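The values are calculated or read from the model by the stated rules, or taken from the named source; none is laboratory data. A quick note: this is a predicted structure, and the numbers were derived from the prediction, not measured. Every residue, glycine as well, gets a Cβ built from its backbone with ideal geometry; the counts of neighbours run over all protein chains shown.
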Amino acid sequence: MFNSNPQEIKAFIVTCYLIILVLIVFVVTIVYLYTQKQHTYFKEIEKIKAFHENTILQSQLEIQEQTFQNISREIHDNIGQKLSLAKLSLNAVGINRSDKDNEIMSDSVRILTDAISDLSDLSRSMSAEQILHNGLVSALEYEVAQLRKSGIFKATLITRGNMLYFDRQKELVLFRIVQEAINNIVKHAAASEIFLELDYAGEVLNMSIKDNGKGFFEDIRKHAGIGLLNMKKRAQIIGGELVISTSPGTGTTLMIKLPSQYETNSPNQHHISR
Amino acid sequence: MSRNFYYTIQIAICLIFIFSFIFSLRTVREDLIPSYMKGFYWYSFVAALIGVSATVSIIFSPNSSHSIFRTINMISLIFHFVFLSLFIFRVTTGFKIIALKVSFYGGLVILLMGISWNIFNNTFSFSFGFANFLLFIYCIYYYYQLLSESPRIILFKEASFWIITGIFVCTGLSFAPIVFTDFLVVNLPKKETRYFDLVITISYGIMHLLFIKAYILCLTQTRRK
């Protein structure tokens, strides 16, 4: 095989190098294939995780909606009725009373009237009926009217572009997001103005909820709110995207972008601008 | 090839063996290292012992036939084969595969007979070639299993990957020179057999370098924990 020939020894060395090369190529190929497989695997895991999260959140939303419906119905059919009955009974009390009693009586009737009105508003706000029957814009108009009625906030709703009619369930989720945002503003923002805008730009709905409140630091936003995170996830579930921009002293803006790839414009679409 | 160059390489590889042993010692008292790495320092210890004795023997008595050393080397081959095979089986599910189980026990019997035959005939190739061939197959099984299971681990951060890659490169690279050693020793002048000797030594050096990498990984991961 080898006869002390330098050429043959060189050939042997070259063969050794080739073997090293083959071994290295083999290991590199294994690593490459493994990394590719790992990449696909992690992607798959992420997908499953996101799917599970969505399923859980959807279930939560359904349960929440069901609870809202039950409470709303209970307020309307039971508590509201009883309060109305109590008001009627008070009104039917005989007229031979002292002035002081009359004053107490009329105060009680007024308080009951307020309570019935508040409960009616609450019931309407919780109910999905409004969204399912009248649509998102109508429901938001009602919310804005309620805010104005409180006398604490100057609330404005602006709608631009050709209105798109989304799936009612999507509109319901959007409406709940807005409700939660308004709730946050009322509780934490110390704002005096709330500004809602629905911009139907082509096939996309850009919704913004602005306030002139105290705002907050980005860091707090990152570490705080399950509420904010939930709003983002809800927006994701309906195929939208929610972005929050804020800084101390400049108020907070919540932007929701919802494409309407599966929706069609209503046949009697109209331009709304207020 | 000059004698000085040959000796320098031998000493360098011997130093790698010693470094590998020193690094392995740092894992002795670590409880948080992966379970398959526990006790692995014994391999580096034996390798360093054999490596130092071989280098001393090559440098200080270059003309002797090294028959005692050759016998020790042959016996250490059993340790080399059993230890590394069991390591691979511990990392993989090798022992659950009947063919691999049979190959290990059958291989061990053949290896014992081959070593006896080699010692009596003052030869080398069969037992070393056979042991390395089996180890090479076990390494390929490891890679096969790596690709067929869920890829949960990060390969470069896994000590077992570096160790088995070390074994794979060593056995793959040294297989051909080892198989032909007996033939070459008879047919080539001593000066020229050094080439083949060096390839074998370097392949073991690469293996121990990758072992050092595995030890370092274990130690850094333990510190993080």
Only one of A:Glu53, A:Glu65 that is surrounded by 13 or more Cβ atoms within 10 Å (Cβ to Cβ), more than 9 Å from chain B (Cβ to nearest Cβ) and over 30 Å from A:Asp118 (Cα atoms): A:Glu53
Given (1) assigned to a helix (DSSP H, G or I); (2) in contact (Cβ under 8 Å) with a residue 12 or more places away in the chain; (3) exposed (fewer than 14 other Cβ atoms within 10 Å of the Cβ); (4) not β-branched (Val, Ile, Thr), index of the condition B:Phe19 fails: (3)
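Which ones in segment B:160-172 are within 9 Å of chain A (Cβ to nearest Cβ) and polar (S, T, N, Q)? Full working, then the answer.
Applying the first criterion (within 9 Å of chain A (Cβ to nearest Cβ)) to segment B:160-172 yields B:161, B:165, B:168-169, B:172.
Answer for segment B:160-172, where residues must be within 9 Å of chain A (Cβ to nearest Cβ) and polar (S, T, N, Q): just B:Thr165.
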Any hit, segment A:10-28, residues being of a type in the set (Lys, Arg), in a helix (DSSP H, G or I) and away from chain B (no Cβ under 14 Å): no
Qualifying helices (runs of 4 or more DSSP H) (wholly inside segment A:83-162; at least 3 residues being in contact (Cβ under 8 Å) with a residue 60 or more places away in the chain and closer than 21 Å to A:Glu180 by Cβ): none
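Restricting to segment B:118-159, what's the tally of residues that are of a type in the set (A, V, I, L, M, F, W, C) and more than 13 Å from chain A (Cβ to nearest Cβ)? Before you say what the answer is, go through the steps one by one.
So the first thing to find is which residues in segment B:118-159 are of a type in the set (A, V, I, L, M, F, W, C), and the list is B:119-120, B:124, B:126, B:128, B:130-131, B:133-137, B:139-140, B:146-147, B:153-156, B:159.
Filter once more, so that each one left must be more than 13 Å from chain A (Cβ to nearest Cβ): B:119-120, B:124, B:126, B:128, B:130-131, B:133-135, B:137, B:159.
Residues that pass the stated criteria total 12.
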Extreme residue, surrounded by the most Cβ atoms within 10 Å (Cβ to Cβ), among residues of segment B:185-196 that are hydrophobic (A, V, I, L, M, F, W, C) and within 9 Å of chain A (Cβ to nearest Cβ): B:Phe196
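Looking at segment B:163-184, can you tell me whether even one residue there is touching a residue at least 60 places away in the same chain (Cβ under 8 Å), buried (at least 19 other Cβ atoms within 10 Å of the Cβ), among the small types (Gly, Ala, Ser) and part of a helix (DSSP H, G or I)? Spell out the reasoning first.
First, pick out the residues of segment B:163-184 that are touching a residue at least 60 places away in the same chain (Cβ under 8 Å): B:163-164, B:167.
Those still in the list that are buried (at least 19 other Cβ atoms within 10 Å of the Cβ) too: B:163-164, B:167.
From the residues that got through so far, the ones that are among the small types (Gly, Ala, Ser) too are none.
No, the conditions are met nowhere in segment B:163-184.
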Given (1) surrounded by 15 or more Cβ atoms within 10 Å (Cβ to Cβ); (2) in contact (Cβ under 8 Å) with a residue 24 or more places away in the chain; (3) among the hydroxyl-bearing types (Ser, Thr, Tyr), number of the condition B:Ser57 does not satisfy: (2)
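Tell me which helices (runs of 4 or more DSSP H) are completely within segment B:28-126 and hold 2 or more residues being over 25 Å from B:Ile9 (Cα atoms) and polar (S, T, N, Q), or say none if there are none.
On the way: elements: B:41-60, B:67-91, B:98-121.
The helices (runs of 4 or more DSSP H) meeting that bar are B:98-121.
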Scope segment A:6-39; condition exposed (fewer than 11 other Cβ atoms within 10 Å of the Cβ) and within 60 Å of the chain's Cα centre (by Cα); matching residues: A:Leu21, A:Val25, A:Val28, A:Tyr32
Set A:Lys10, A:Lys43: member being modelled with pLDDT under 80 and of a type in the set (Lys, Arg): A:Lys10
